[in-house]
Amino acid sequence: MTGSGETALDPGVFVTVARRVGRQAGEGSLEAVRGSGLRVGIACALFNGGITTRLLEGALGGLEEAAVDRADITVAWVPGAFELPLAAQRFANHGDVDAVVCLGAVIRGDTSHYDLVAGECASGLARVALDTGMPVVFGVLTTENVEQALERARDDKTNKGREAGLSAVQMATTLRAIGRARAARVPG
């Protein structure tokens, strides 16, 4: 197992890379992202709601940190993690949003239900993102037990919902920057 010191990104990498490339898009930490003017849809599962509401609180806190206006956030409640891809697709196709955050909690039990729900949710969300070009962030906990889920949904900066909210802002701003870089190269 790797420790955070071994896996953490060195902030100096952006300066190093800048010396070797023409442009960078998306540089910076999650904490440095700014989402003013972005519209974000959040799909939150009702199943395991004691966990998912903690994730939602974290996501809303992350979006607030990133200066996303509360009026630009829409929350859609779905029955469970399996239904998240359809809600994400609707947001992406008709929701007038720049990014979608999907929140759920799939906790392993004694049956194969866990594997089916977690796997289908993950592949469905990935498909929506790739098919639509919309950032769709996987804020779904897949844990062995309730204790692990609660640990990942704590009311602090380690909350995975918070990370998902910040990731949505970073992806939306990065994709905009990539679009601007491409437009700058295309003769007009």
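Please go through region 124-170 and give me each residue that is assigned to a strand (DSSP E or B) and farther than 14 Å from Leu63 by Cα, ordered by number. Selection gives Val136, Phe138, Val140, Leu141, Thr142, Thr143. Remark: pairs (first residue in region 149-169, among the β-branched types (Val, Ile, Thr); second residue assigned to a helix (DSSP H, G or I); Cβ separation under 8 Å; 6+ apart in sequence or on different chains) = Thr158/Arg152; Val169/Gly62; Val169/Leu63. Filtered by the rule that a residue be closer than 14 Å to Gly139 by Cβ and in a helix (DSSP H, G or I), region 68-108 gives Ala81, Leu84, Pro85, Ala87, Ala88, Phe91. Residues in region 119-142 that are of a type in the set (Ser, Thr, Tyr) and either in contact (Cβ under 8 Å) with a residue 40 or more places away in the chain or crowded, with 20+ Cβ neighbours inside 10 Å (or both): Thr132, Thr142. Checking each residue in region 48-76 for being charged (D, E, K, R) and farther than 15 Å from Gly104 by Cβ picks out Glu64, Glu65, Asp69, Arg70, Asp72. When region 97-118 is limited to residues that are within 17 Å of the chain's Cα centre (by Cα) and more than 18 Å from Gly165 (Cβ to Cβ), the one that is surrounded by the fewest Cβ atoms within 10 Å (Cβ to Cβ) turns out to be Ala118.
Restricting Gly35, Gly28 to residues that are more than 14 Å from the chain's Cα centre (by Cα), modelled with pLDDT under 95, within 13 Å of Leu166 (Cα to Cα) and surrounded by 14 or more Cβ atoms within 10 Å (Cβ to Cβ) narrows the list to Gly28.
Pairs meeting the criteria (first residue in region 43-63 and farther than 16 Å from Glu147 by Cβ, second residue among the aromatic types (Phe, Trp, Tyr) and outside any helix (DSSP H, G or I), beta carbons under 7 Å, at least 6 apart or on different chains) are Cys44/Trp77; Leu46/Trp77. For residues in region 39-67 being under 14 Å from the mean Cα position of the chain (by Cα) and outside any helix (DSSP H, G or I), which is nearest to Asp156 (Cα to Cα)? Among those that are under 14 Å from the mean Cα position of the chain (by Cα) and outside any helix (DSSP H, G or I), it is Ala66. The set of residues in region 158-188 that are surrounded by fewer than 14 Cβ atoms within 10 Å (Cβ to Cβ), modelled with pLDDT of 75 or more and of a type in the set (Lys, Arg) contains only Arg180.
The values are calculated or read from the model by the stated rules, or taken from the named source; none is laboratory data. Since this is a predicted model, take the numbers as computed values, not measurements. Note: ideal-geometry Cβ built from the backbone for every residue, glycine included; neighbour counts use all protein chains shown.
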